[in-house]
Amino acid sequence: MPDPISWSHVAPFYLLAFAGSYLLGSVPFGLVITRLFGLGDIRQIGSGNIGATNVLRTGRKGLALLTLICDSGKGAAAVLVAALWGPDLALIAALGSLLGHLFPVWLKFKGGKGVATTLGVVIALSWMVGLVACLTWLITALTLRMSSLSALMAMLATPIAVWFIHHDLQMVELTALLAILVWVRHHENIKRLIKGEEPKIGQKK
C-alpha cells in the first residue's frame with residue numbers, strides 16, 4: 001500500500017502528465033492537415049479514419065507522410081517531456097497520449113487507430129524496441145501488403161521485444177496495454193482479415 005503522504009505529493013504530477021499527454025495526443029493531425037490543404041473532412045473519405053493510412057487514400061502521399069510524422073511525433077514528444085521528471089511519468093504520458101489519439105475530446109471521442117502514435121511512444125521509450133516494431137511492420141507490409149495486419153503484428157511484437165531487451169515488467173505491462181488498445185480499435189479490420197476481405201496496401205477500400 002503506497003504511503004498516503006508520498007502519494008499526495010506525486011499524484012498531482014501524475015495527473016498533470018496524463019492530462020497534458022492526453023491533450024497533446026488528442027490533436028487530430030490527419031483532419032487538420034487535410035483541411036488545411038483543401039481536401040475537406042478526411043472522415044468522409046475511405047475508412048473514415050483520421051490516420052495516415054486513410055490520408056493516403058486521398059492520393060496525397062506527402063500529406064500522408066506528414067500525418068504519420070505528426071501522429072508519431074506527438075506520442076514521442078509526450079513521453080520525452082514527461083521522462084524529464086522520471087520513468088514513471090514517461091509511462092503515464094505514453095498511455096495518456098495514445099488515449100488522446102484514440103478518444104479525442106474534440107471529435108466526440110472518435111479518433112484514430114493509434115498505430116503511428118504508439119510507434120512514436122515506443123521509440124521514445126526505447127529506440128531498440130521501436131526498431132523491432134518498425135521492422136515487424138515493414139516486413140509484414142512488404143510480404144503480405146496489408147497495413148492493418150502489419151500494425152497488429154508490430155503491436156504484438158512490442159511487449160515481447162521489451163521483455164527480451166529490457167526485462168522491465170512495468171514497461172512490458174504498459175506496452176501490452178497499448179497493444180491491446182490498438183488491437184481493440186482494429187476490431188473491424190480483424191473481422192475482415194478472418195473473412196479474407198481486408199484490402200491490401202494500394203487497393204481502394
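What residue among Gly51, Gly59, Gly30 has the largest mean-square fluctuation in a Gaussian network model of the chain, using Cα springs under 10 Å?
Looking only at Gly51, Gly59, Gly30, the biggest GNM fluctuation is shown by Gly59.
On the accessible surface of the chain, probed at 1.4 Å, how many percent belong to carbon and sulfur atoms?
It is 72 percent, rounded to a whole number.
Can you give the net charge of the other residues whose Cβ lies under 13 Å from the Cβ of His101, counting K and R as +1 and D and E as -1?
Residues close to His101 contribute a combined charge of +3.
Of Lys113/Lys191; Lys61/Lys113; Lys74/Lys200, which ones are farther than 21 Å apart at the Cα?
Pairs exceeding 21 Å: Lys74/Lys200.
Picking from Ile160, Gly38, Trp106, whose Cα lies most toward the positive end of the charge dipole for the chain (charges on Cβ: Lys, Arg +1; Asp, Glu -1)?
With unit charges placed on the Cβ atoms, the residue in question is Gly38.
Can you tell me the dipole magnitude for the chain around its Cα centre, using point charges on the Cβ only (Lys, Arg +1; Asp, Glu -1), in Debye to the nearest 20?
Once rounded to the nearest 20, the dipole reads 1180 debye.
With the cut-off at 18 Å, report for the stretch 21-120 the share of all Cα pairs above it, as a whole percent.
41
Sort 120-132, 153-165, 186-198, 101-113 by the packing proxy (mean of other Cβ within 10 Å over each peptide's residues), most packed first.
Taking the mean over residues of other Cβ atoms within 10 Å, the ranking is 120-132, 153-165, 101-113, 186-198.
What percentage of all Cα-Cα pairs in the chain are separated by more than 32 Å?
Percentage above 32 Å: 16.
Between Leu65 and Leu193, how high is the FRET efficiency from 1/(1 + (r/R0)^6) when r is the Cβ-Cβ distance and R₀ = 25 Å? Nearest 0.05.
Rounded to the nearest 0.05, the efficiency is 0.50.
The values are calculated or read from the model by the stated rules, or taken from the named source; none is laboratory data. Keep in mind that what you see is a predicted model, and the values were worked out from it rather than measured. Using ideal geometry, Cβ is built from the backbone for each residue, glycine included, and neighbour counts are taken over all protein chains shown. Accessible surface areas use protein heavy atoms only, side chains included; no ligands, DNA or RNA. Shrake-Rupley method; radii C 1.70, N 1.55, O 1.52, S 1.80 Å.
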